[in-house]
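Shown next, in structure tokens, is the structure this report addresses.
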Amino acid sequence: MNSYKKLALGTVQFGLNYGISNMSGMTAENEVAKILEKAWQKGIDIIDTARDYGNSENVLGKQLKHPFRIVSKFPARADNAQKIQQSFTTSINALHTKTLYGFLAHDADLLIKNPQLWKVLVSLKEKKLVQKIGYSLYTPEQLQQLLDLKIIPDIVQVPYNFLDQRFKSFFRKLKSVDTEIHIRSVFLQGLFFMKPDKLPVFFESVKPVIKKLQLALPDMNDLAAWLLQFVLKEKNIDKVVLGVNNSEQLNANLSGLLNLYPINIDSENIISKKILMPNLWPQNFQ
């Protein structure tokens, strides 16, 4: 199977300075064009974006030359039917498209508190303005609450990586109702690539695992490829959102997927939820 087909292109870094290991800042527009061209050539045909990704949608609207399937997300502040509709209209106008492949609640708590808002998404789908609807999650508890409310997503986006497999127990249930599972946070916002000794005390419990990984795979491109392979081998995952800062990084990630890394590393540490969830990290470190 072509692993590239299982990848989606993340675009937060096209509109924001994103990722703790990102030293190059927001991706320049000419570089965005190169990334999009390379992704399309390699068979990556889904783009993940959001209204809250700064200028990302506007940049994409100017640079998109191929018929990518686009997934966007409306923000938590779009807390009524009119605001969700406005967010959708703003997104498609910025992206210069009439429809979206996916339209998700960026903050699932909004639907938990206001389950009637799901009808707005259903309506967009019925009008064929959106092919698939769903939500982005931080915790398995959110997912359980939404399933209990009978809010069954066409697409769900969840964090999943070598250290964070909290959602794995839900995968089979989601596939049984034909939900597409999209994965983010494969690199935990770049935490895997940070020098453990330079990390604040907050990350103390995760330092030994990062150290072990970096000793086994000292080349950061190899480490990135191994982390990607770890997620891609999970058969129930449909798409893995990969964010890159430049086309060279995308090339390196894709090339690495062709390599074999005969290493066996276990994460024997119990990693605190506050480390697995970047929104709980110290404010000056996000």
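Here are the numbers for the structure shown:
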item: Gyration tensor over alpha-carbon atoms, segment 170-255, equivalent ellipsoid semi-axes in Å; result: 26, 17, 11
item: Length-normalised contact order of the chain in % [C-alpha pairs under 8 Å, at least 6 apart]; result: 20
item: Prolate/oblate/rounded label for segment 70-167 (Cα gyration tensor, a/c 1.5); result: prolate
item: Euclidean distance of C-alpha centroids, segment 153-175 and segment 26-54, integer Å; result: 24
item: Cα-based shape type of segment 33-96, given that a ≥ b ≥ c are square roots of the gyration tensor eigenvalues and the cut on a/c is 1.5; result: prolate
item: Positive minus negative residues near SER3 (Lys, Arg vs Asp, Glu; Cβ under 11 Å); result: +4
item: Cα-based shape type of segment 111-181, given that a ≥ b ≥ c are square roots of the gyration tensor eigenvalues and the cut on a/c is 1.5; result: prolate
item: Environment charge at VAL244 (Cβ cut-off 10 Å; Lys +1, Arg +1, Asp -1, Glu -1); result: -1
item: Lysines with Cα under 28 Å of LYS212, excluding same-chain neighbours fewer than 8 positions away; result: LYS6, LYS168, LYS195, LYS198, LYS233, LYS235, LYS239, LYS273, LYS274
item: Over segment 41-158, relative contact order from alpha-carbon pairs under 8 Å, at least 6 apart, %; result: 22
item: Sequence of MET194, MET277 once ranked by neighbouring C-beta atoms within 10 Å, starting from the fewest; result: MET277, MET194
item: Under 13 Å, Cβ to Cβ, from ASP164 - net charge with Lys/Arg +1 and Asp/Glu -1; result: +4
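Just so you know, all these numbers are worked out from the coordinates, no wet-lab data involved. Here the structure is a predicted model, which is why all the values come from computation and not from measurement. Cβ atoms come from the backbone with ideal geometry, glycine included; neighbour counts cover every protein chain shown.
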